Amino acid sequence: MTSAIGALLIVVGIQAAAIVALLVQRTRRIQVERDLREREERVRLVADRAPVMIWTARPDTTLDYLNHTCVEFTGLPLEKLRDEGWLDAVHPDDRDYCVGTYSPAIEARRPFLVEYRARRADGVYRWLLASGVPKYRPDGSFEGYIGCDVDITERKDAETRTLESRTALEASHREIQHLAGRLIEAQDTERARIARDLHDDVSQQLAGVSIALSGLKHRMDELHASEDLQSDVRALHQRTTTLAQNVRQVSHDLHPTVLRHAGLVAALTSYCAELQRLHSTRLTCSVEGDFASIAPASALCLYRIAQEALRNVIAHADASRAEIRLLRTGDKAEITIADDGKGFDVASSLERGKGLGLVSITERVRLAGGTVSVEAESRKGTRVRAEIPAPAPS
């Protein structure tokens, strides 16, 4: 009897303990569920009041959740935004693009980004950047997508303004280049006109004066004029002869007739010989390829490049020697002018406006559709290299 009562008490105790454990477990579960609900409510509240539009989509791409910011932005009730109703707020021109971007991404379970325009509550269309990523249940099964939309209208407007400014600058740059090209063409035309006037008019008149002075010298010898007068006439004759030579040289520099009649190689050789006669810099010219069949415009461009570069050498480089190298391969012609002078800072010279010769060379080469490079180093000289198209004359 006693043993039976003891056993009963043990069973009752075990049952009581089990009941207490179940009650504790249930209490804990209720507390956990309450905590989860509170967390979910906090998360939902945060999501609902977030400054960006947050949404979730089902596996079939329709929307099942949109936060309050979406409602405020569109001015549409939540019921109209769910499923595919949000597409009503998308700009008609962007709807196909939106669907064509996010639908394949959702089917492939990959993240996506898409920019589109959506109508705000005030009727104004704003640019939005939508991003979405796939979400999965704890068991790994695909649950749909979660994403957000951010208003990027200010950024897009800034990009548009930047693009418009860049386009305007490019148009201005093209106009400047066009004007520079026309200026060079006009300069060459005017040089040719002045050279003709100097050769056909001024040079002829100076030649006539020189001949007259020479005849006057002989008559004065015959008339036994005073020595002082004869000396003055001789000096005047010499100055007139020198002036005539200088005018011929200026005419040659402005528009070398030898370039038109004898070709580029002869013109450059003659120009180098004349510079070497007047200055101490030793000049050499080497040629590789056929320059006899080059088009006149290309020949003039190469000649002017050499002329500008050699002027810089004589005026600024303090060089003892300089080399001009011509190379023609196919329909390309290359000219290189290298000296052993003191060199210079290319960028600094251009910034200070002291590189007008280089600017002229650059514009000529650009106008011809070629490329140019300038390499200079202190005490190691300067190398100017230009390549231009050089077809045969048509």
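Give me the Å³ per residue figure for the convex hull around the C-alpha atoms of the range 258-394.
Working: hull volume 13.0 nm³, N = 137.
Per-residue hull volume (Cα only) is 95 Å³.
How many nm is it between the label spots at Ile10 and Glu115, if each spot is 7 Å from the Cα in line with the beta carbon?
Placing both labels 7 Å along Cα→Cβ, they lie 8.0 nm apart.
Consider a paramagnetic label point 7 Å from the Cα of Arg155 along Cα→Cβ; state which residues of the range 88-121 have an amide N under 13 Å from it.
113-116
Considering only the other residues whose Cβ falls under 14 Å of the Cβ of Gly147, what net charge follows from Lys and Arg at +1 and Asp and Glu at -1? Working shown, then result.
Working: positive: Arg58, Arg109, Arg110, Lys135; negative: Asp64, Glu115, Glu143, Asp149.
Summing Lys and Arg as +1 and Asp and Glu as -1 gives 0.
Count charges around Gly75 for me, please; just the other residues with Cβ under 11 Å from its Cβ, Lys/Arg as +1, Asp/Glu as -1. Before the final figure, lay out the partial values.
Numbers: positive: Lys80, Arg119, Arg120; negative: Glu72, Asp122.
Neighbour charge sum, excluding Gly75 itself: +1.
Given a 1.4 Å probe and the protein chains all in place, what does the accessible area of His91 round to, in Å² to the nearest 10?
Looks like 30 Å² after rounding.
Using R₀ = 22 Å, calculate the FRET efficiency as 1/(1 + (r/R₀)^6) where r is the Cβ-Cβ separation of Arg379 and Arg325; round to 0.05. Each step should come with its number before you reach the end.
On the way: r = 22 Å, r/R0 = 1.00.
Efficiency, rounded to the nearest 0.05: 0.50.
What does the extension gain come out to for Val265 and Tyr136, with contour length at 0.36 nm per residue minus their alpha carbon separation? Can you show the working numbers first?
Details: separation 129, 0.36 × 129 = 46.44 nm, distance 7.87 nm.
This chain segment gains 38.6 nm when fully extended.
Any idea how far apart Arg219 and Ser293 come out in nm if each label point goes 7 Å out from Cα toward Cβ?
Roughly 5.8 nm, to one decimal.
If you count only protein heavy atoms with a 1.4 Å probe, what accessible area per residue comes out for the range 272-393, rounded to a whole Å²?
On the way: 6210 Å² over 122 residues.
For the range 272-393, the per-residue accessible area is 51 Å².
The values are calculated or read from the model by the stated rules, or taken from the named source; none is laboratory data. Remember, it's a predicted structure, so these values are computed and weren't measured experimentally. In this analysis, Cβ positions are derived from the backbone assuming ideal geometry, glycine residues included, and neighbour counts consider all displayed protein chains. Accessible surface areas use protein heavy atoms only, side chains included; no ligands, DNA or RNA. Shrake-Rupley method; radii C 1.70, N 1.55, O 1.52, S 1.80 Å.
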